[in-house]
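Inspection log for the structure reproduced underneath, given as structure tokens.
Where a number appears in this text, it was derived from the coordinates with a stated rule and is not lab data. In this text, all values refer to a predicted model and were calculated from it rather than measured experimentally. Neighbour counts are summed over all protein chains in view; Cβ atoms, including those assigned to glycine, are modelled from backbone coordinates with ideal geometry.
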């Protein structure tokens, strides 16, 4: 009798153990499943779009080339005697982007590189409401010029979830969107 | 009574719950590292299958994944789901592994190396997952690509802008193939290397999950793959920003930060957390006792201690003292955890040796030499009074014995139960003790990895030096418990006391009869 009860209890224990295992595995895969897709992340609110300002541009050289005097040349090693000294440093890039007259993005960027002589890469994203807007961009890429060297103005219509790219190419005349 | 911090208390409670469900051998919390390896195997094998059908071009990637998910759902879709869910499961067990080591204080002292190398390993796993999401080239893939690029662009030594590739039409197959190469080969190799470093200071490393646990986990993941198969978002469109994304929070949790606090601050935050975690072993540091010392006069170079050391701190070299033996052992003090397991392994630790002299063994702990252990046992035996004289030999990292106070009970604590020479039990029984009660960490969870395993094997005769058959097993009780199991300790002790009293009475009754015969 006692033996029978013990065997039943053992079997019950086994059933209980398997039950607990199933519960734990279910809980585990439940956590795996849930956090693999939920909660959803709202990158944009309803009726929002994105304006991305993105371009690479080499700004103007800061100073003019200068002819070296004979005396200055003689001080240099023979293999270093270039008659013209051109500074490598490029100008700071200054940019402002306005949407409907309000400042959306402002950038003041030094050219990268040890001698500040490399192209500037600009990448900035701004969330804006969808719909019709007045876009205006101005940029100065030459320290020797006061005020903007490039300007752009356009009416844009943004759909929700649309990404408007504001690009720049000096050889094509300046800013353009797509 | 010893203070147990609430995290440790909670963790030990959960472990006890899992012991009921899975048993100690298959307790997932005792096998978190091994489970992570098992999930990596699922990821690897399912990944191999996906690689066969995956098109590594920017235009074909999405279509090939969709083909596997929908047209070939019965195998390709299942493989994709297993690939994703096993990757997620790996992150969970790695995080639990870290939390466990932290909760149980197993990240300080000699364990610093495993902890410090483990923290960046988690990042290698995360970045591997990130490139995986990138390759699907759906809306989520584009989001991952765009924000990863912003993270990279902010680094001062990166020329140009990577993010610009994902706003126009410029993205080339070559770039995409590079990402595929990273995901298929570069990052997995880096991860394998990191894992190898992570376990470098351990010996007898087990990387395969217990069979029962592996089968159970696989069935669970397979069921999830069939019930809720992994699916893609819509295909990536460069001019589009998807408003709502179903992020995989195990891998992509950093990305919303980039949106909200900029890429630069995301770097600062994640690097600060990583650095803080890596510095934890020294905040405040835990002092490890002096390393084991070899006494060549008593070492015959049997190599048992080198075989038993869980931290690979003992090496074997040619004899240097001119003794007739071929080898000797040498302790690497930087690796030694001062657990004393080597003392229990040494045949010269037999307390019956040099009975009335100083007991010196082949390898010993300077802070508690084997002679002192024997002295403590002798003192305990001398103090025990009553009908059931019981000595408790316990691991100081398992239970708190401070409240054990009874005239017929005396306690001798050791660094690890593996430090106890099996013959010490026999010695105690031969010198007037009626019962030996041994306490060590829970089965499958030794504080020093293998102490309780080696003790069991010494007792059952499968590991040298063994507990001889003449030691009466009926008078030996092994009780495995964690720091939070004090209540059970007193219950078990009372039961053992009653058992010993009964044995004493039975033997007392039998002796006059035999004398009469």
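As a length-normalised measure over Cα pairs under 8 Å and 6 or more apart, the relative contact order of chain B settles at 13 percent. Taking only the Cα atoms of region B:293-511, the radius of gyration and Dmax are 17.6, 58 Å. Computed from Cα atoms, the angle from the helix B:486-516 axis to the main principal axis of chain B rounds to 30 degrees. Sequence-distant contacts, meaning Cα pairs under 8 Å at least 6 residues apart, place the relative contact order of region A:73-164 at 25 percent. Computed from label points 7 Å out along Cα-Cβ, the spacing between residue B:152 and residue B:260 is 2.6 nm. Among A:51, A:114, A:61, the largest mean-square fluctuation in a Gaussian network model of chain A (Cα springs under 10 Å) belongs to A:114. Semi-axes of the equivalent ellipsoid for region A:130-178, computed as √(5λ) from the eigenvalues of its C-alpha gyration tensor and ordered from largest down, come to 25, 12, 8 Å. Separation between the residue A:130 and residue B:191 pseudo-spin-labels, each 7 Å from Cα along Cα→Cβ, expressed in nm? Roughly 3.8 nm, to one decimal.
If neighbour count is taken as other Cβ atoms inside 10 Å, put B:123, B:454 in order from fewest to most.
B:123, B:454
For the pair region B:230-249 / region A:66-114, the C-alpha centres are spaced 43 Å from each other. With both labels modelled 7 Å from their Cα along Cα-to-Cβ, the residue B:268 to residue B:227 distance reads 4.4 nm. Expressed as an acute angle from 0 to 90° and rounded to the nearest 10, what is the orientation of the C-alpha long axis of helix B:6-22 relative to the principal long axis of chain B? The angle comes out near 90 degrees. Dividing the summed helix terms, -39500 (n - 2.57) for each DSSP H run of n ≥ 4, by the number of residues in chain A produces a 222 nm estimate of -8000 deg cm²/dmol to the nearest 500.
Specify the inter-centroid distance of region B:367-411 and region B:415-490, based on alpha-carbon positions, in whole Å. Each part's Cα centre sits 13 Å from the other's. Divided by 2.2 N^0.38 Å, where N counts the residues, the Cα radius of gyration of chain A comes to 2.08. DSSP finds beta bridges in the protein assembly as shown, and of those with both partners inside it, around 75 percent are antiparallel.
Counting only alpha carbon atoms, the long axis of helix B:211-227 and the longest principal axis of chain B meet at about 30°.
If you take the Cα centroid of region B:1-78 and the Cα centroid of region B:311-355, the two points sit 41 Å apart. Taking a ≥ b ≥ c as the square roots of the Cα gyration tensor eigenvalues, the protein assembly as shown comes out prolate, since a/c reaches at least 1.5 and a/b is larger than b/c.
Calculated from DSSP H runs of 4 or more alone, at -39500 (n - 2.57) each and per residue, what is the 222 nm mean residue ellipticity of chain B, nearest 500?
Working: 16 runs with 248 residues, N = 517.
It comes out at -16000 deg cm²/dmol, rounded to the nearest 500.
Our summary gives chain A a relative contact order of 25 percent, counting only alpha carbon pairs under 8 angstrom and 6 or more residues apart. With neighbours defined as other Cβ atoms within 10 Å of a residue's Cβ, the residues A:33, B:265 order from fewest to most as B:265, A:33.
From least to most packed, judged by other beta carbons within 10 angstrom and beginning with the fewest, B:349, B:148 follow the order B:148, B:349.
Restricting attention to region B:361-517, close to 10% of DSSP beta bridges with both partner residues there are antiparallel. Hey, how much of the P(r) for chain B falls beyond 33 Å, as a percent of Cα pairs? Above the 33 Å cut-off, chain B has 52 percent of its Cα pairs.
Taking a point 7 Å out from the Cα of residue B:287 in the direction of its Cβ, the residues of region B:319-346 whose backbone N falls within less than 17 Å of it are B:337-339.
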